[in-house]
Amino acid sequence: MSMGPNGSEPTVGQLVANASKDLSSLVRGEIELAKTELKKTAVAAGTGAGMFGGAAFLALLAIILLSIAAAYGLTALGLHPALAFLIVAVVYLLIAAVLVLLGKRSLGKAKGPQRTIETSKESVEVLKAIGKGDETEQIEPKSVRR
């Protein structure tokens, strides 16, 4: 630490410079720590995602094989193979249609972030009032209902 002109205590300017340098070092250190943690987290997330991808691929293969087995099972009951495979395909198409309808209904119910939009508008109004220097009229945002 550098000393002041008389050698006893640092000046205010020197104290501010030292504090600024220390703060800058602290921020750089925190950023490096965050980078290190994020790298580890990204590797773990990537590994997990790869495992889920592999599991999804194997599940898809299993569904295909089970579908073929179901069609051959219908063939073993005496149906023509073409008709057995057609029945399995129609069942899958019916399931897909139901999923589409349920998904469409679910998307229709989705709304935007209503409370966030409302509170953001209130914040803008308050900031505008403060910006105009309107100190006589205090605008208080409505309480957020949770």
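The values are calculated or read from the model by the stated rules, or taken from the named source; none is laboratory data. No experiment lies behind these values; they were computed from the predicted model shown. All Cβ positions, even for glycine, are placed from backbone atoms using ideal geometry, and neighbour counts span all protein chains on display.
Computed values, structure above
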| item | result |
| --- | --- |
| Members of the range 58-117 found to be under 29 Å from the mean Cα position of the chain (by Cα) and of a type in the set (Ser, Thr, Tyr), listed by number | Ser106, Thr116 |
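For (1) without any contact (Cβ under 8 Å) to a residue 12 or more places away in the chain; (2) within 30 Å of Ala71 (Cα to Cα); (3) not assigned by TED's automatic domain parsing to the domain that holds Ser67, each residue gets a yes or a no:
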{"residue": "Val88", "(1), (2), (3)": "no, yes, no"}
{"residue": "Val91", "(1), (2), (3)": "yes, yes, no"}
{"residue": "Leu94", "(1), (2), (3)": "yes, yes, no"}
{"residue": "Val98", "(1), (2), (3)": "yes, yes, no"}
{"residue": "Leu101", "(1), (2), (3)": "yes, yes, no"}
{"residue": "Ser106", "(1), (2), (3)": "yes, no, no"}
{"residue": "Ile117", "(1), (2), (3)": "yes, no, yes"}
{"residue": "Val124", "(1), (2), (3)": "yes, no, yes"}
